[in-house]
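Structure record follows, encoded as C-alpha cells.
The values are calculated or read from the model by the stated rules, or taken from the named source; none is laboratory data. Note that this is a predicted model, so its numbers are computed, not measured. Cβ placement follows ideal geometry from the backbone for every residue including glycine, while neighbour counts extend to all protein chains displayed.
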C-alpha cells in the first residue's frame, strides 16, 4: 500500500486501518473500519446465531470461514450448534474436520497482505506473517462484521522490531521467537500499553526480515497473544508474492511496508546470527537447550498449528531417517495442514517419520490444549513444537524447535541439535497441492426451520449494577460455578480468563490483574465483563479473599473486600464501557 501525496508517514498497521476507516486520519479514540475477513474456530455457532439475530442474510466481508476444530468426535461430545449447510447458506465457508489447524490453514488458503481480519481465535495471529492485520474480537463484534462489514476499533500504537544478521545452522524460526520472549519484548509492549492506553502492534522490518520465508514469519507472528500485543504484521514483499503465487493466490498480493519516519513508540533490534537453539521449560522460562541437556524425554509432539513450518518437518524427517524411537519415548506427528501432509507424503518424508516410529494423529484443537495426548503425569518430559493454550491442563511441557525435538527423539534426551554435526539441506517444493477438498464452498438450500433453529444464543449479561462476586484465582478457572472475579497473576492467566468469557463462560464477570492488554479489555467489555487493574498490595488482598463486592460501572472502581476498600482502575475506554453496560459490542444504531 503506497501513501498518497500529502499523507503523513504511517506504520503498516495505520496503513491497513486508514484505508478502511471512516476517519482516515485515525485521530479519534475509536474509529469505524471496514473488515475484509472473519475467521471463526472457537465458537462459530454462537457468532452465526448472534449474526442471524441481527438479520444476517449473506456475509458482508470478502472471506468468512468457520473452522471445525474437532476432528475426533466421540459420543460424549455436544452436537454442533449449526450444520455446514447453514453456514454456507449465509455465505460462510466451512473448514471441515481434517483440513488442519485453523491458524496454519488460514495462512495457506486465505490470509492476504494489507487486509484486516477479525477472529475469535488468538492462534490466528500467525496470519500476520503474510502481512495481514489479524485482531481478536468478542462474538458481538464478529457478528456485526458479518452483517455490516464494519466494526469499531481503537487505533493502535506500534513497536518496530528490526531483524539483522542471518540465522545459523540448526537455528529455526522457533528459536528466534523464543529469543524475542527472552529479550523482554513483552515488557516493551506493556510499557507502551501503560503509557498510551492503546493496543500495540509489533511490526517486523529490516533486511533480515526479508530473508525469512512467509512460514517462518508466521511462527514469529504467532507470538502476539503471548506478548500481550494486539497483532503482529510483517512487510509484504517479493517473498510474500512468491508464497502467494505458490499457493495459486497471486491476485491477493499487495505490497505493504512502513513509511520512512513513521511514528513508532519503540524500536527493538535483534541480531539473528547471535541466536542459539533455545527451549521454553515447563514453567514457561526460556533457556538454552544446554541447560536441560541430558534430561530424558518420554513424549515428543512434532507439528501443531504454528510452531513448525513445512521446511522444519522435512528437516526433522531427514535428521531422523533410518533412526528408531527409543523404547520409552512416544513420537506423535500432528501435521499442521492437509497441504503439508500431502507434500510430506509425496516427498517420502512421511514414510521416513512413520518408519522412525511416529504416530500420525488428527489436527484437533484438543491436541494443542492438552485434552488429547496430554503430557505424562509422572514428571517425565514432553517436548513439543507448538505453543500451549494459556493455563491449559497440558501446559506442562517443553517447547522447542523441530530440530531440537528431532535430537531428543534420536537420543532419548534433550540436547543441542548441533550435536547432529552435519545440517541437512532441505528444498521446499514450489509445486504445492492447492485443492481445497475439505473446505466447503458451494451453497446449499436450508429450510426455514433450520434457519430458525440457529437464531437463538445465550446473550452476555451486562454490567449495570453492583454485584457480589466470588473470588477465583486465575489458575483455578475450571472450578468456576458462580459469578466471579478472576484474580490473575500473569498475562497467561488473564488470557485464559478472557478466552473462557469469550467461549460463553458467563460466570466470568470481572478480570483483575496488575496490567491488562487493551486487546483483552476490549474483548471482556464486549461480553459485559469488567477488566480491572490493581496495584500489588490490592492484588495480595484479593488473593486471600473469598468474595468481593463490585460496584456499578465507573471510571475508578472501589472493590469492597470485607471491611477493606481497594482502589482499581477500569481499563476500558469510553466506548468499551458502553459495551460492558450493554453486554454487547454491537453498534447501538443496529439494535
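Out of the range 545-591, which residues are free of Cβ contacts under 8 Å to residues at least 60 places away in the same chain and not assigned by TED's automatic domain parsing to the domain that holds residue 511?
588, 589, 591
Any idea which of 133, 212 is in contact with a helix residue (DSSP H, G or I) (Cβ under 9 Å, 6 or more places away or on another chain) and free of Cβ contacts under 8 Å to residues at least 60 places away in the same chain? Steps first, please.
Working: 133 fails: free of Cβ contacts under 8 Å to residues at least 60 places away in the same chain.
Matching residue, one of 133, 212: 212.
Kindly indicate which of 73, 61 is in contact with a strand residue (DSSP E or B) (Cβ under 8 Å, 6 or more places away or on another chain) and over 30 Å from residue 161 (Cα atoms).
Result: 61 is the single residue among 73, 61 that is in contact with a strand residue (DSSP E or B) (Cβ under 8 Å, 6 or more places away or on another chain) and over 30 Å from residue 161 (Cα atoms).
State the number of residues belonging to the range 12-32 that are more than 23 Å from the chain's Cα centre (by Cα) and part of a helix (DSSP H, G or I).
1
Can you find a residue in the range 528-537 that is without any contact (Cβ under 8 Å) to a residue 60 or more places away in the chain and buried (at least 24 other Cβ atoms within 10 Å of the Cβ)?
Yes, the conditions are met somewhere in the range 528-537.
Given 182, 157, which one is in contact with a strand residue (DSSP E or B) (Cβ under 7 Å, 6 or more places away or on another chain) and crowded, with 21+ Cβ neighbours inside 10 Å?
157
Within the range 136-150, how many residues are buried (at least 24 other Cβ atoms within 10 Å of the Cβ) and part of a strand (DSSP E or B)?
The total comes to 1.
Residue-wise test of (1) at pLDDT below 90; (2) assigned to a helix (DSSP H, G or I).
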residue: 362; (1), (2): no, no
residue: 376; (1), (2): yes, no
residue: 382; (1), (2): no, no
residue: 386; (1), (2): no, no
residue: 399; (1), (2): no, no
residue: 404; (1), (2): no, yes
residue: 408; (1), (2): no, yes
residue: 415; (1), (2): no, no
residue: 429; (1), (2): no, no
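Quick check, is residue 317 modelled with pLDDT of 95 or more and outside the structural domain of residue 218 (by TED's automatic domain parsing)?
Values: modelled with pLDDT of 95 or more: yes; outside the structural domain of residue 218 (by TED's automatic domain parsing): yes.
So residue 317 fits the description; yes.
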